[in-house]
Amino acid sequence: MSLVNHINFINLSTVILAIESSCDETSASLCADGKILSNYIANQKVHEQYGGVVPELASRAHMQNIVPVVEAAMRDTGYSMQDIDAIAFTQSPGLIGSLLVGSQFAKSLSLALNKPLIAVHHMQAHVLANLIDEPRPSFPFLCLTVSGGHTQIVLCESPTKMKVIGETIDDAAGEAFDKSAKLLGLPYPGGPLIDKYAKEGDPERFKFPEPQIPGLDFSFSGLKTSILYFLQNAGKSHVYKEEFAASTEEKQRFITENLNDICASIQHRIVSILLNKLKKASIETGINDICIAGGVSANSGLRKAFEETGKKYHWNTFIPAFQYCTDNAAMIAITGYYKYLDGDVADLSVSATARAEW
Ligand code: KG4
Ligand code: ZN
């Protein structure tokens with residue numbers, strides 16, 4: 001368990017306790033009048049050996065973590081449980097067993113304390129992570145939300161009114177990173193490792209194809225296939241050709257000798273796919289306040305290219321602080337705060353769902 005962020009504020013009035021448990025991070029946050037006072041995140045190491053998140057193990061780890069994480073989020077904030085105005089929790093989307101742990105905990109607390117519940121959509125919360133710190137975007141703004149399960153361009157008209165104007169038709173950007181990393185023999189989650197090796201590599205060395213998808217939608221499955229063939233052919237071709245098929249040793253040697261350049265080239269292509277659609281969205285909507293959010297917005301190549309694109313096209317660019325990009329309860333707290341101000345509270349019949357439209 002790590003203390004990710006902790007600031008002490010007292011004498012503020014609307015106090016929200018938030019719980020996030022949609023995937024493999026158990027997190028709790030306390031927020032007062034829209035200011036984040038604490039944000040504790042317990043990461044689950046147990047999945048590393050399996051090459052991906054094992055849902056049953058994630059639920060069990062949430063069960064172990066949730067009480068200490070909530071206690072840690074309350075500690076040293078100057079507030080007690082009685083001071084809380086509402087309890088926000090991630091209702092969807094996510095792994096259903098993981099969501100159930102957080103939602104049942106929130107419901108029990110709501111019943112015991114007689115405080116209202118606020119059901120939060122995880123992807124909306126990623127977008128609103130951009131409202132946590134100054135400077136904040138003005139409405140309406142666009143947000144490119146890139147995570148392990150989603151890739152979306154969201155038009156945000158107010159903290160509680162937003163719509164998806166483009167999204168992936170197959171893999172998410174985070175999956176593209178993680179699946180590419182797996183093909184390279186790197187452990188899960190591979191996104192941060194591709195980021196690390198890419199820093200030392202040449203992004204122009206290998207050219208991966210850019211898919212031609214109409215409108216503002218994305219596709220990453222073709223890129224994954226071309227990387228698969230590229231590695232099977234030890235770099236000789238992106239398409240399947242029997243005469244180029246390399247032996248296991250040749251393939252491994254090619255990866256070992258060129259890892260940095262391969263990672264930089266993969267990252268370069270994922271980033272260009274994302275930013276080309278974002279440019280299109282800005283032109284079509286005429287909106288120049290533009291944010292990024294979600295786990296992949298922690299990627300240093302995306303952050304840099306996003307800032308450079310913003311300068312070139314005169315955008316006002318916003319990126320959440322690093323600790324608010326990957327899954328965290330602070331973003332659930334800020335979303336819960338705005339929903340509370342809107343009177344959007346839930347009753348005890350509310351239940352977690354693995355998928356939800358918005
Ligand atoms: O938002 P998030 O923490 O969880 C979901 O809601 O899915 O996103 C997790 C995703 C994973 O695919 C992970 O590999 C990716 O974000 N990710 C990164 C980086 N940090 C996290 N991808 C590329 N570069 C990074 N630095
Ligand atoms: Zn997420």
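For segment 189-199, filtered to residues that are within 16 Å of ligand 2 (Cβ to nearest atom) and at pLDDT 95 or above, the residue that is least open to solvent (accessible area, probe 1.4 Å) is GLY191.
Quick one: would you say ALA281 is in contact with a Leu (Cβ under 7 Å, 6 or more places away or on another chain), of a type in the set (Gly, Ala, Ser) and in contact (Cβ under 8 Å) with a residue 12 or more places away in the chain? It is true that ALA281 is in contact with a Leu (Cβ under 7 Å, 6 or more places away or on another chain), of a type in the set (Gly, Ala, Ser) and in contact (Cβ under 8 Å) with a residue 12 or more places away in the chain. When ALA106, ALA88, ALA73 are checked against the criterion of being surrounded by 24 or more Cβ atoms within 10 Å (Cβ to Cβ) and touching a Cys at 6+ places or on another chain (Cβ under 9 Å), a single residue qualifies: ALA88. Note on segment 53-76: residues that are farther than 17 Å from ILE87 by Cβ, touching a residue at least 12 places away in the same chain (Cβ under 8 Å) and in contact with a helix residue (DSSP H, G or I) (Cβ under 8 Å, 6 or more places away or on another chain) amount to 8. Considering (1) buried (at least 21 other Cβ atoms within 10 Å of the Cβ); (2) in contact with an Asp or Glu (Cβ under 8 Å, 6 or more places away or on another chain); (3) farther than 30 Å from ILE332 by Cβ, the lone condition that ASP202 does not fulfil carries the number (1).
The residues in segment 164-180 that are more than 10 Å from ligand 1 (Cβ to nearest atom) and either open to solvent by 50 Å² or more (accessible area, probe 1.4 Å) or among the basic types (Lys, Arg) (or both) can be counted, and the count is 3.
Of the residues PHE218, PHE206, the single one that is within 26 Å of GLU357 (Cβ to Cβ) and out of contact with any Leu (no Cβ under 6 Å at 6 or more places or on another chain) is PHE218.
The values are calculated or read from the model by the stated rules, or taken from the named source; none is laboratory data. These numbers come from a predicted model, not from an experiment. Heads up, the Cβs are rebuilt from the backbone with ideal geometry, glycines too, and the neighbour counts pull from every protein chain shown. The protein model used for the area step is the full one, side chains on, heavy atoms only, and it has no ligands, DNA or RNA in it. Shrake-Rupley method; radii C 1.70, N 1.55, O 1.52, S 1.80 Å.
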